[in-house]
Amino acid sequence: MKLQVSHSPHVRDKATTQSIMLDVIIALLPATIAGWYYFGIRAVLVTMVSVASCVIFEYLSRRVMKRNNTISDLSAVVTGLLLAMNLPVSIPIYMVVIGAAFAIVVVKQMFGGIGNNFVNPAIAARIFLVIAFPKAMTSWVVRVGEWYSLKSVDAVSSATPLTQIKAPDAPSLWKLFIGDKAGCIGEVCILALLIGAVYLMVRHVIRPWIPMAYIGTFFLLVFFFGHSNVFNFSGDLLTSQGWADLFHESLYMLLSGGLILGAFFMATDYVTSPLTTKGKLLFGMGCGILTFLIRYYGNMAEGVSFSIILMNILTPHIDDWTMGKPFGEVKENAKV
Amino acid sequence: MSENKMKDVTYRSPDERLAEKKSKYTPKYIFLNGVLFENPALRLVLGTCPLLAVTISAKSSLFMGLAVLFVLTASEAIISLLRNVIPNKVRIPAFITIIATFVTIVQMTISAYLPALNESLGIYIPLIVVNCILLARAETFASKQKVLPSILDGFSMGVGFTLALLLMGTIREILGCGTFFDMQLPLFGTVFEPMMFFMLPPGGFFVFGICICLVQIIMKKQEKHTSSKEPSPCGTSSSSDCLSCAGCSLCKGKEE
């Protein structure tokens, strides 16, 4: 037998940045296509502009900063796709370009490019746009008329389901699940998002800890502390309607807004989420708590992006806190 | 400003610097020091509070800058005149009193002749009293130098601060409001919607960071010309010397 001596790393994997990013793109496609179906051809335009301008800004900023070109790792495509999925379909096109510039140039490349961004670029760009153009970013539309209509004015403006829960015309849970509702392009079809999420987990691109902790924490908080929570519940638990009522608000809140998109595709970004399992659970719980607080006590309807960006900033500290000790390490101040 | 000119007045080799120690504070050096090398806002990062608060429009930035310019020049002149009279132990209260006198003059003048401006600048005019730029210059320059250099230093620091404010105010007003000195600009408001972001505190910090970054790029390009640069003992990689560095006590006996 021949013994080989080699230095680490001994375990190698075929995965490259490019292949992982390709997996993420594939996983995002069902939800994107569902968004195109629900919002018409203008959604395709917004997506294309977002992806194209992200790639172009990535190329230009690498060029200006005299660094090697990284557009082939597809990370800019993922950022562009995620950004488009986080935008309402009626947004003016130049705002999409501004958002892409902010994501790539300011958040990603100014901090050193892929792997060095301190928050998720797509979320940061979304928040920038929400603060910069509050009106354009919160005008939701439901498509009426033909799917190939390019004008957003053909649409009827509508409230996001998040603010509608008490209204009589609030969509049913099934409609929320399949995506027939107002919202951002990529966040509407929960079914398609879940298909993509399962694909990512099967391919071992993401681990389920962050989404599990995030969604679970949020669900429990709404269940126990929501407006019609378990404590002031007055329905009859002996009937199936009573059970449905008991879980209605927590499921409604889970399925509306960008929670599923955020939990599976944006909170799990490698660069800006903790490395350890304990840290991932903490990160997800923090996101869940913050989302609940912003949605119920803040002055904004949606809190997913803000909660993820806040936890992104805490990530280095969570990592420090939960990092395991190497075997046999002695404490610095230990008595000998 | 050509690069050669700037190269002329700063960044000498250590030996040259030592030899020129006595004649270092040439008028040209003091002026460029205040405007660029030690720009109080963008290089020393002093006076950040009014900087972020008043730069929502170019007009209020300009007037704030001019107010600071006046107070800085006048108080440095007086402090320099009294530098041998003021006892060392009570110098800070004495400086503050002198600065407060001029701030009161400025505030009364503004509220008498420009009431609208007074309202928009609000608390930030009285707050000039405790602006760290003024104290820093009084402590590090005016209390040690002769009157004329002190006046020039106050003036150039004021110009540097005004330019920084004006730069930030212009960027924030154009992007956030679509106006420049209250004039409506074409395209903005019709084709492009002004970005609220730049009117809000996060936008202020953002523009501040970008401006610091730009000045840093200019200084980096300058530094390339000087291969051997002596690191200063206090650990700051400031391109100029200890004139108003915060860790001043660290350098005592090493620089002088």
Apply the Karplus parameterisation 6.51 cos²θ - 1.76 cosθ + 1.60, with θ equal to phi minus 60°, to every residue of the stretch A:318-327 and state each ³J(HN,Hα) to the nearest whole Hz, in sequence, with x for glycine and proline. 4, 4, 4, 6, 9, 5, x, 8, x, 4
Of A:Ile260, A:Ile123, A:Ile56, the one that fluctuates the most in a GNM where chain A has Cα springs shorter than 10 Å: A:Ile56
Max mean-square fluctuation residue, GNM over chain A, Cα-Cα springs under 10 Å, options A:Ser75, A:Ser53, A:Ser234: A:Ser234
Can you check what the Kirkwood hydrodynamic radius comes to for chain A, Cα pairs only, in Å to one decimal? 21.2
Once amide hydrogens are built 1.01 Å from N within the peptide plane, the residues lying 5 or more places from B:Phe180 or on another chain with amide H under 5 Å from its amide H are B:Leu185
Charge sum, other residues only, whose C-beta stays under 13 Å from A:Arg126's C-beta, Lys/Arg counted +1 and Asp/Glu -1: -2
Around A:Trp140, which amide H atoms from residues at least 5 apart in sequence, or from another chain, sit under 5 Å from its own amide H, with H modelled in the peptide plane? A:Ser158
Just to confirm the filter: which chymotrypsin sites (Phe, Trp or Tyr not before Pro) across the stretch A:230-331 are DSSP coil and have at most 16 other Cβ within 10 angstrom of their Cβ? A:Phe231, A:Phe233, A:Tyr270, A:Phe327
Estimated dipole of chain A in Debye, rounded to 20 [Cβ of Lys and Arg +1, of Asp and Glu -1, Cα centre]: 940
So for the pair A:Ser72, A:Thr17, with labels modelled 7 Å out along Cα→Cβ, what separation do we get in nm? 1.2
Intensity falloff of the stretch B:67-199 expressed as log10 I(q)/I(0), Debye formula with alpha-carbon point scatterers, at q = 0.10, 0.15, 0.16, 0.22 Å⁻¹: -0.43, -0.77, -0.84, -1.20
Here the net charge surrounding A:Leu221, from other residues whose Cβ is less than 14 Å away from its Cβ (Lys, Arg +1; Asp, Glu -1), is 0
What does a probe at A:Lys278 reach in the stretch A:191-215, counting residues whose amide N is under 17 Å from the point 7 Å along Cα→Cβ? A:209-210
Under the Karplus relation 6.51 cos²θ - 1.76 cosθ + 1.60, θ = phi - 60°, what is the ordered set of whole-Hz ³J(HN,Hα) values for the stretch A:85-93, x standing for Gly and Pro? 5, 9, 10, x, 5, 7, 5, x, 5
Over 19 Å [Cα-Cα, the stretch A:90-145], rounded percent: 35
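Readers should treat all values here as calculations from the given coordinates under stated rules, not as data from a laboratory. Everything quoted here is computed from the prediction, not taken from an experiment. Cβ coordinates were reconstructed from backbone atoms using ideal geometry, including for glycine residues, and neighbour counts include every protein chain displayed.
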